[in-house]
Amino acid sequence: ETNLQKIIREKYDGELLVGQAAIVPVGKENTDDLQDGPQAEERIPVKFLIYAPSMRSIGIITNTLNAYLAFKAVILAISKHNRTPDVNKIRQVLVPGFGTGPGGMPKDRCAWQMLQAYETHALGKHRLRLVPTCLANVVTDEFKMLQVTFLDVEVLPS
């Protein structure tokens, strides 16, 4: 936690906002407790902690794009990190459902927003989201991300 606090103080003027992410290397001494348990031999050592807040302070974020913004920040931070020469690349990430705890965001809306962030910033889809041609594109896109639930999404056969 001390390293994270130092990074936030020095690189983010003391506050990491929704839509930003900080990557903190985790030393071997900090991963030993993560390796305990019956399936320890199957676990992958944790090399980095990526901190991306989904809210500035505890409150309801149901009708926000905070899950999208938080996961977008994670994707962009990993991309920037992996472009840095001579660093251990991040190839896998385990991510919680942003805002689904105290923030009260419905799990399906969170998953939808995180999918949209992944498709947009990792796969390069949704060009109008990155380069909108008019304000109506932005408003429509935001409305869809706030209203869509998995009940509204056509499910593709597996």
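Just so you know, all these numbers are worked out from the coordinates, no wet-lab data involved. The structure presented is a predicted model; accordingly, all values stated were derived computationally and were not measured. Methodologically, a virtual Cβ is constructed for each residue, glycine included, from the backbone with ideal geometry; neighbour enumeration extends over all protein chains shown.
Brief remarks follow.
- The listed peptides 51-60, 66-75, 81-90, ordered by packing as a protection proxy, come out as 66-75, 51-60, 81-90 (highest mean of other Cβ atoms within 10 Å first).
- Net charge of neighbours whose Cβ lies under 10 Å from the Cβ of residue 116, counting Lys and Arg as +1 and Asp and Glu as -1: +2
- A simple count of charges around residue 87, restricted to other residues whose Cβ falls under 14 Å of its Cβ and scoring Lys, Arg +1 and Asp, Glu -1, yields +4.
- Highest average first, the peptides 121-131, 107-117 ordered by how many other beta carbon atoms sit within 10 Å of their residues are 107-117, 121-131.
- Over segment 2-147, the hull volume per residue, using the convex hull of the C-alpha atoms, is 151 Å³.
- With both labels modelled 7 Å from their Cα along Cα-to-Cβ, the residue 46 to residue 147 distance reads 4.0 nm.
- Fully extended contour minus Cα-Cα distance, from residue 57 to residue 82, at 0.36 nm per residue: 6.0 nm
- Restraint check, 11/80; 11/125; 72/107; 80/144; 47/80, Cα-Cα greater than 19 Å: 11/125; 80/144
- Compactness of segment 63-119, taken as the C-alpha radius of gyration over 2.2 N^0.38 Å, stands at 1.26.
- Once backbone amide H atoms are built at 1.01 Å from N, residue 48 has 26 as its partners under 5 Å, excluding neighbours fewer than 5 places away on the same chain.
- Each Lys or Arg adds one and each Asp or Glu takes one away; over the other residues whose Cβ falls under 13 Å from the Cβ of residue 133, this sums to +1.
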